[in-house]
Amino acid sequence: LVTNLMTIHASKGMEFDAVFLVGNEEGTFPTQRAIAEGSGSVELDEERRLCYVAMTRAKTHLIMTWRREVMTFFGAGVKTMDMERSRFLDVLV
């Protein structure tokens, strides 16, 4: 069994039996920066294309996950934030 961990950019042109695409939350994928640029922005469109690239790397199995909440560590404390599923997942379900 061989496992490769890589960025989406590094996966271009490759195919794998199974692909796990994690971090599909608003603010993570797409990034907060792309969201701030607004709908139809070049940055948001590029992230949408990257999502497509990642999904099409899978030959047989594609698993996409998202977190309902995220713990952020800062200073002397921890903050838990509720997350929204990525708009890229919403289009699929």
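Within the range 14-41, can you find the residues that are on the phi > 0 side of the Ramachandran plot and either in contact with a Lys or Arg (Cβ under 9 Å, 6 or more places away or on another chain) or not in a loop (DSSP other than H, G, I, E, B) (or both)?
23, 27
Tally up the residues in the range 1-25 that are polar (S, T, N, Q), open to solvent by less than 80 Å² (accessible area, probe 1.4 Å) and at pLDDT below 95, please. Please lay out each step first, then the result.
First pass over the range 1-25, keeping only residues polar (S, T, N, Q): 3-4, 7, 11, 24.
Now drop any that are not open to solvent by less than 80 Å² (accessible area, probe 1.4 Å), which leaves 11, 24.
Adding the requirement that they be at pLDDT below 95 leaves 11.
The number of residues fulfilling the criteria is 1.
Among (1) in a loop (DSSP other than H, G, I, E, B); (2) touching an Asp or Glu at 6+ places or on another chain (Cβ under 9 Å); (3) open to solvent by 100 Å² or more (accessible area, probe 1.4 Å), where does residue 93 come up short?
That leaves (2) as the condition not met.
When residues of the range 70-86 are filtered for being modelled with pLDDT under 95 and not β-branched (Val, Ile, Thr), how many remain?
Residues meeting the conditions: 8.
From the residues in the range 72-91 that are closer than 17 Å to residue 50 by Cα and aliphatic (A, V, I, L, M), which one is farthest from the chain's Cα centre (by Cα)?
91
If you go through the range 42-58 one residue at a time, do you hit one that is surrounded by 10 or more Cβ atoms within 10 Å (Cβ to Cβ) and over 19 Å from residue 8 (Cβ atoms)?
No, the range 42-58 contains no residue that is surrounded by 10 or more Cβ atoms within 10 Å (Cβ to Cβ) and over 19 Å from residue 8 (Cβ atoms).
The values are calculated or read from the model by the stated rules, or taken from the named source; none is laboratory data. Remember, predicted model here, so these are calculated numbers, not experimental data. Every residue, glycine among them, receives a Cβ derived from its backbone with ideal geometry; neighbour counts consider all protein chains shown. Accessible surface areas use protein heavy atoms only, side chains included; no ligands, DNA or RNA. Shrake-Rupley method; radii C 1.70, N 1.55, O 1.52, S 1.80 Å.
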